[in-house]
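One structure below.
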Amino acid sequence: MVQSDKKRRSTRSSKMVSSPVVMTRMQAIMQKEMVREFLAEFMSTYVMMVFGLGSVAHMVLGGKFGSFLGVNLGFGFGVTMGVHMAGNISGAHMNAALTFTNCALGRMSWKKFPVYILGQFLGSFLAAATIYCLFYSAIIEFSGGRLTVTGPIATASIFATYLPDHSTLWRGFLDEVLVTGMLQLCLFAITDKENNPALQGTQALVIGILVVVIGVSLGMNTGYAMNPSRDLPPRFFTYIAGWGIQVFRARDWWWVPVVAPLLGAYLGGIIYLVFIGSTIARRPQILEDSMVYEDRRIPVLPKTMPNPPMTSPLTPVSVSPINRPSVRTVPPLSDPIHLEHF
């Protein structure tokens with residue numbers, strides 16, 4: 001009994017000692033930049049996709065409870081919430097096409113590309129699983145227990161986009177290139193501090209409105225995926241959840257929401273930088289409410305002029321307009337480095 005009590009006490013003490021060590025290590029890991037950015041992309045994409053896919057589920061399953069306008073609002077303001085979630089940590093890309101464009105244009109290191117993509121894909125996949133669990137009974141009732149991809153009782157469109165009958169594959173491809181290019185073009189304008197950016201604190205709302213505008217004006221043809229992270233992980237989830245291989249075979253569409261947004265975002269970014277960004281005059285930084293002190297001046301005094309009285313290093317210079325010595329000021333500050341939010 002005595003030995004067993006000693007063993008229990010030793011195990012308890014070892015647990016008490018090890019738990020602070022584990023917590024310290026966990027905190028150190030969580031503070032690493034790459035880990036924080038991964039978690040930020042994961043959480044922001046999850047939040048966006050839960051609101052977006054939930055609005056699609058209402059449209060497909062709910063009848064009067066949903067509409068195409070509701071889908072646009074769900075994704076638009078889902079993006080707004082995602083930007084609030086991770087905007088100052090990772091930039092809240094939530095979109096593999098935007099991440100690719102930022103890396104390709106030199107605005108972000110390629111080392112971060114797999115970290116961002118992994119976070120986005122995992123967040124999107126988990127969001128699809130969440131919506132599936134929440135709406136499972138409604139899906140079964142609507143489809144009669146048959147999980148189909150096409151037809152009047154198809155439910156796979158809740159999770160991913162599919163090409164409608166009135167469009168061809170290549171028209172759909174060009175449509176996705178255009179809408180994603182518009183997205184990236186306007187995002188650069190919204191976040192360009194040298195142009196006319198959104199007011200501080202309103203960027204998330206303005207970006208959400210941008211997604212709503214794209215949806216209500218250009219979303220009919222292909223469902224405006226604009227985002228490999230929005231389309232591919234939920235499609236893979238439906239494949240393993242019971243819809244089967246048909247989610248990849250239906251009109252050979254699955255690769256278009258992956259490839260076309262990459263091309264469209266890259267072209268949209270280049271167009272903005274060439275036609276708008278290169279025409280903006282870059283002004284040097286101006287310090288507000290600044291005073292010129294004697295330590296910022298280098299007076300050039302005549303040889304016959306007596307030594308000036310001693311003053312404090314921070315005393316403003318007061319020079320008579322008569323016999324004013326020539327003054328050489330410090331050259332202006334160099335152009336600042338402008339950090340883009342996206």
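The values are calculated or read from the model by the stated rules, or taken from the named source; none is laboratory data. Note that this is a predicted model, so its numbers are computed, not measured. A quick note on method: Cβ atoms are made from the backbone with ideal geometry, for glycine too, and the neighbour counts reach across all protein chains shown. Surface accessibility is based on the protein's heavy atoms, side chains included, excluding ligands, DNA and RNA. Shrake-Rupley method; radii C 1.70, N 1.55, O 1.52, S 1.80 Å.
Name the residues in segment 193-209 that are without any contact (Cβ under 8 Å) to a residue 60 or more places away in the chain and not small (Gly, Ala, Ser), would you?
ASN196, PRO197, LEU199, GLN200, THR202, VAL206
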Restricting attention to segment 178-230, the residues that are among the charged types (D, E, K, R) and under 18 Å from SER44 (Cα atoms) number exactly 1
Might you let me know whether segment 140-152 holds any residue that is open to solvent by less than 20 Å² (accessible area, probe 1.4 Å) and either farther than 20 Å from LEU61 by Cα or under 25 Å from the mean Cα position of the chain (by Cα) (or both)?
no
Filtering helices (runs of 4 or more DSSP H) wholly in segment 70-155 for at least 2 residues that are more than 24 Å from VAL256 (Cα to Cα) and at pLDDT 95 or above gives 113-134, 136-143
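Counting only residues that are closer than 15 Å to THR222 by Cα and hydrophobic (A, V, I, L, M, F, W, C), how many does segment 121-180 have?
Total meeting the criteria: 12.
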Can you tell me which residue within segment 57-69, out of those that are open to solvent by less than 30 Å² (accessible area, probe 1.4 Å) and in a loop (DSSP other than H, G, I, E, B), is nearest to PHE38 (Cα to Cα)?
GLY66
Checked segment 231-279 for anything farther than 24 Å from HIS93 by Cβ, open to solvent by 10 Å² or more (accessible area, probe 1.4 Å) and among the hydrophobic types (A, V, I, L, M, F, W, C); matches are ILE240, ALA241, TRP243, ILE245, PHE248, ALA250
